[in-house]
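Shown next, in structure tokens, is the structure this report addresses.
The values are calculated or read from the model by the stated rules, or taken from the named source; none is laboratory data. No experiment lies behind these values; they were computed from the predicted model shown. Neighbour counts run over all protein chains shown; Cβ positions are idealised from the backbone, glycine included.
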Amino acid sequence: MPKKFTAAQRAYIKKHTTYHEPGPDETDDELNIVPFLDIVVNLIMFLLMSISSVAFYAQVEASLPSYSRGGVGSRPPDDEKPLNLNLTVVENGFILAGSGGKLAPGCQDTASGSVITVPRTGNAYDLPALRTCASRVKAEFPDEVKITVSADPLIEYQFLVQAMDAVREDDEGETLFDEVLLSAGVR
Amino acid sequence: MAEQEQATAADVRRIIRKKKKRMPHPEHHGLNIYPMMDMMTILLVFMVMQFASSSAASITQNEELRIPYSTSTVELQETTPVQISRNAILVDGEQVLELRNGVVDPSSKQGGGNGFLITPLFREMQRVAELKKLIAAQNTRRPFEGNVQIIADGRTPFRTLAEVVYTLGQSEFKNMRFIVNKTQNLGGG
């Protein structure tokens, strides 16, 4: 059976049972770090993007031919006559030459005159053929790692890089000629 | 009908307890994001460090500078960058010379059209070399090795490249590191 409350009792009950909605500053006694988190996430995104673009770069090393032995291309003097392998990029293809003379197409023997070792096929340079050719030379001279790379004045730099790629290692990843000396290209 | 009984203090307390039970509890809501914050901060610091250590981050490729592709997998090493775009040569981000379609103007070369030494580039590289040697003299852990990074447009004619390389060689920079885009296939991609 309900009982009768006096006004004072009612006021007391109300005072102790009203639900007080907490304000935004009262809900948590911690700092509101959500805006800070937004900034951090954005920063991470930005940095991640710029770093991933760096990961796509590599470098190709080359040095200048030096008269004295030194620098990247230094090797102990051999008893054998050095191969002195030369790669020249010209308009019509690649010319490979050693101290014995220019290599004829097929890379088996040398030839004289204006011979192109690896002629251009159609519009593109025949890079697989150059790689095959370099592998043959490497089989003959297994200790040789130096190659002097040069080109005609109008040859674009990207073809030079492709040529260096082709002679650096074979299809199996075995090193062929990876010590590149860059020459000014006077034929 | 009987008259209502006067409520006692005990009744008042009972009523309060009952009403309080029905009131929503001020529960602790929200995910605990502190572990995530820790992780994020560590990631951020790590990335900032990496960002600061890689100078190559400043390479921006555009129509004037398209870097060729290569199968090389050699990681970048930080050295003085020399950038050859279609219309300028930049050393460490500062333009030293203007090019016309990747060709050096004969007036900028010693000996004119047939010359190889690019005078403004030579002067700048000598200055850089002197600076590097000065650093090397103070700090044995950073010797002067004549390393230089070449960031060149793929369409640069070999003549220009040879001139730049010759000029660098004259200013004692003998180890060239050509910056390329990585690719898997021979012949670019």
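Summary table
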read-out	value
Exclusive hit being farther than 23 Å from residue B:177 by Cβ and β-branched (Val, Ile, Thr), set A:117, A:88	A:117
Unmet requirement for residue A:114, which otherwise passes all of (1) in contact with a helix residue (DSSP H, G or I) (Cβ under 7 Å, 6 or more places away or on another chain); (2) more than 14 Å from chain B (Cβ to nearest Cβ); (3) among the hydroxyl-bearing types (Ser, Thr, Tyr)	(1)
Within the stretch B:159-180, considering residues that are more than 7 Å from every other protein chain (Cβ to nearest Cβ) and touching a strand residue (DSSP E or B) at 6+ places or on another chain (Cβ under 7 Å), the one nearest to residue B:129 (Cα to Cα)	B:173
Test result for residue A:127, in contact (Cβ under 8 Å) with a residue 40 or more places away in the chain and under 27 Å from residue B:150 (Cβ atoms)	no
Subset of the stretch B:65-92 [aliphatic (A, V, I, L, M) and within 12 Å of chain A (Cβ to nearest Cβ)]	B:65, B:67, B:74, B:76, B:84
The lone exception for residue B:154 - which of (1) facing chain A (nearest Cβ under 7 Å); (2) under 15 Å from residue B:125 (Cβ atoms) it fails	(2)
The stretch A:16-33 - residue that is surrounded by fewer than 12 Cβ atoms within 10 Å (Cβ to Cβ) and at the interface with chain B (Cβ under 8 Å from one of its Cβ atoms) and, of those, modelled with the highest pLDDT	A:19
Among (1) exposed (fewer than 15 other Cβ atoms within 10 Å of the Cβ); (2) under 17 Å from the mean Cα position of the chain (by Cα); (3) over 17 Å from residue B:127 (Cβ atoms) - the single one residue B:92 does not satisfy	(3)
Residue selected from the stretch B:136-154 under the condition of a type outside the set (Asp, Glu) and in contact with a Ser or Thr (Cβ under 6 Å, 6 or more places away or on another chain), by the criterion nearest to residue B:76 (Cα to Cα)	B:149
Residue A:94 vs. criteria away from chain B (no Cβ under 12 Å), touching a residue at least 24 places away in the same chain (Cβ under 8 Å), assigned to a strand (DSSP E or B) and not β-branched (Val, Ile, Thr)	yes
Residue in the stretch B:99-118 that is closer than 20 Å to residue A:59 by Cβ and either within 24 Å of the chain's Cα centre (by Cα) or surrounded by 13 or more Cβ atoms within 10 Å (Cβ to Cβ) (or both) present	no
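Condition check ((1) buried (at least 16 other Cβ atoms within 10 Å of the Cβ); (2) part of a loop (DSSP other than H, G, I, E, B); (3) touching a residue at least 60 places away in the same chain (Cβ under 8 Å)) across all residues:
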position	(1), (2), (3)
A:132	yes, no, no
A:147	yes, no, yes
A:154	no, yes, yes
A:167	yes, no, yes
A:181	yes, no, yes
